[in-house]
Structure formats: C-alpha cells, structure tokens
1. Looking at segment 116-124, can you tell me whether even one residue there is within 22 Å of residue 236 (Cα to Cα) and either out of contact with any strand residue (DSSP E or B) (no Cβ under 9 Å at 6 or more places or on another chain) or touching a residue at least 12 places away in the same chain (Cβ under 8 Å) (or both)?
2. Whether any residue in segment 176-190 is more than 19 Å from the chain's Cα centre (by Cα) and in a helix (DSSP H, G or I) is what I want to check.
3. Residue 73 is checked against (1) surrounded by fewer than 22 Cβ atoms within 10 Å (Cβ to Cβ); (2) at negative phi and fails just one. What number does that condition carry?
4. Hey, can you tell me all the residues within segment 201-233 that are under 18 Å from the mean Cα position of the chain (by Cα), surrounded by 18 or more Cβ atoms within 10 Å (Cβ to Cβ) and assigned to a loop (DSSP other than H, G, I, E, B)?
5. So, restricting to strands (runs of 3 or more DSSP E) that lie completely within segment 1-57, which ones have at least 1 residues that are closer than 18 Å to residue 87 by Cα and in contact with a helix residue (DSSP H, G or I) (Cβ under 8 Å, 6 or more places away or on another chain)?
6. For the condition in contact with a strand residue (DSSP E or B) (Cβ under 6 Å, 6 or more places away or on another chain) and either outside any loop (DSSP other than H, G, I, E, B) or on the phi > 0 side of the Ramachandran plot (or both), what is the one hit in 193, 246, 236?
C-alpha cells in the first residue's frame, strides 16, 4: 500500500513515529501531499484543513483511505505519556474507527470524579476553529453562544480561552472548580470536564463526547449526569500512545487490510 504522510516534522507532531508505524503496517511512505489523488492508497493528515482537505476528499472519491491525526482527546501529554487521536476520514468523533471492548479504557485505571452537584458559573470552552467544515468550530460561535447563554440564564457566563490561541491564566482543573457546567462546540477540554464530573453541553454534530453530554439548547439547570463509561470506552479506541503509533499497532487496527 502506498501511503502519503502529510504530518509536520518536529517533537510536537512526531512524523518519525507515524512513518515508522506505517512502514511496520506494510506501507511504503512518501512525505507531503500527492499531486494526483490516485497516487495514494492511504493519506495521513494532521487535522483536515486546506489544501489537505480538498486532496483528502479526492483520495476518498477514488477509493483511498484518509486518516486524520490530532492531539489526544485528554491532552497531548496525559498521565506521563504522549497521545494522539486517530480516525478514518475526520477527527473528534466525525470520522470512523473500530471500537473494541472495555479493556482499553479500563486498563488506564482512571478514577472518574463524581458528578458535580454545585458550582455557580457556566464555563464556555472554545476551540481554535480549524479543520473541515462541520467539524471546525465556526469563528463566530464563542461570541454567539455567550450572548445566547446570557439571555437564557442568570448564572455568570465566563469564557476560558483556548490554550492554542491564548495562554491560560490558571489550569483547567482550577477553572472547573467554580463551574456548574461547561458549554463547548466540541473540545478536548470538555472531555476533561466530563472526567472531572462537570456536566457538558455541546454544539458540534457527531462530537466524540456527545453521548455523555446534552445539546446546547437543552435546559441548563438539568444537565446530563448519566453513565460516562460507554463514551469513554469507545473513545479510547480512537486515541493512541506514541509507542502504538510507531509500532504500527494503531494503523493495523484502523486499516484491516494491514492487519
């Protein structure tokens, strides 16, 4: 299989690990974006924005497979390890992957904080707004949702800027201490909120955390506080340690023909 790897070099992106993993899974690897979509059986992108998005669509039309990588849902560095999100076609839940059993999440030994029963403010968690249409947060969304929330509730509404655009004043966990709930398009910070027992309302169609949250139009005083484990167990099969990327395990799982 011919794979094109359009992931930047460097410590953050670790193109070397992706290249090693694709080769281990039986692929020949070329770097960058193909000029002709027919040259790629597999195209690996970091996120999915122009010009990669248009080329990815052409690869898929010709029967190829697009894999989209991003930082891990619980952070690039989490629990002392380097994590990536990886799925077919799109990321953040809009793509496809192959969920297995409960053992992958359960094996991490994460203690979920009990659901919040207090807190005063509504914490808005924006994203950077990059990616394919329908997946990327619209740039106008933060201002629009803040205005909407202030019409709907007397609770204080506060925005925590995305750390990729603005340096955070305090750690997320400290901001969550005052929150009754969080409102997001569909961010990794909101996944962390769910783990910390803070309910979430979301706006992104097909967001990976949506089954443990409620749509933004729902009653803010009646957030969802149900079972988070099914969502987290499914999500665990779309996030991979750097060692699993480099060994080819992640690619063999996502690409049955490479198994």
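The values are calculated or read from the model by the stated rules, or taken from the named source; none is laboratory data. What you see is a predicted model, and the numbers here were worked out from it, not measured in a lab. Ideal geometry is used to build each Cβ from the backbone, glycine not excepted, and the neighbour counts take in all protein chains shown.
1. Taking every residue of segment 116-124 in turn, none turns out to be within 22 Å of residue 236 (Cα to Cα) and either out of contact with any strand residue (DSSP E or B) (no Cβ under 9 Å at 6 or more places or on another chain) or touching a residue at least 12 places away in the same chain (Cβ under 8 Å) (or both).
2. yes
3. It fails just one condition, (1).
4. Those that are under 18 Å from the mean Cα position of the chain (by Cα), surrounded by 18 or more Cβ atoms within 10 Å (Cβ to Cβ) and assigned to a loop (DSSP other than H, G, I, E, B): 203, 204, 207, 208, 209, 213, 228.
5. In segment 1-57, the matching strands (runs of 3 or more DSSP E) lie at 2-6, 42-46.
6. Just a single option satisfies the conditions, and that option is 193.
Yes/no matrix, rows are residues, columns are (1) touching a residue at least 24 places away in the same chain (Cβ under 8 Å); (2) surrounded by fewer than 21 Cβ atoms within 10 Å (Cβ to Cβ); (3) within 18 Å of residue 190 (Cβ to Cβ); (4) in the same structural domain as residue 241 (by TED's automatic domain parsing):
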position	(1), (2), (3), (4)
88	yes, yes, no, yes
109	no, yes, no, no
112	yes, yes, yes, no
126	yes, no, yes, no
131	yes, yes, yes, no
139	no, yes, no, no
157	yes, yes, yes, no
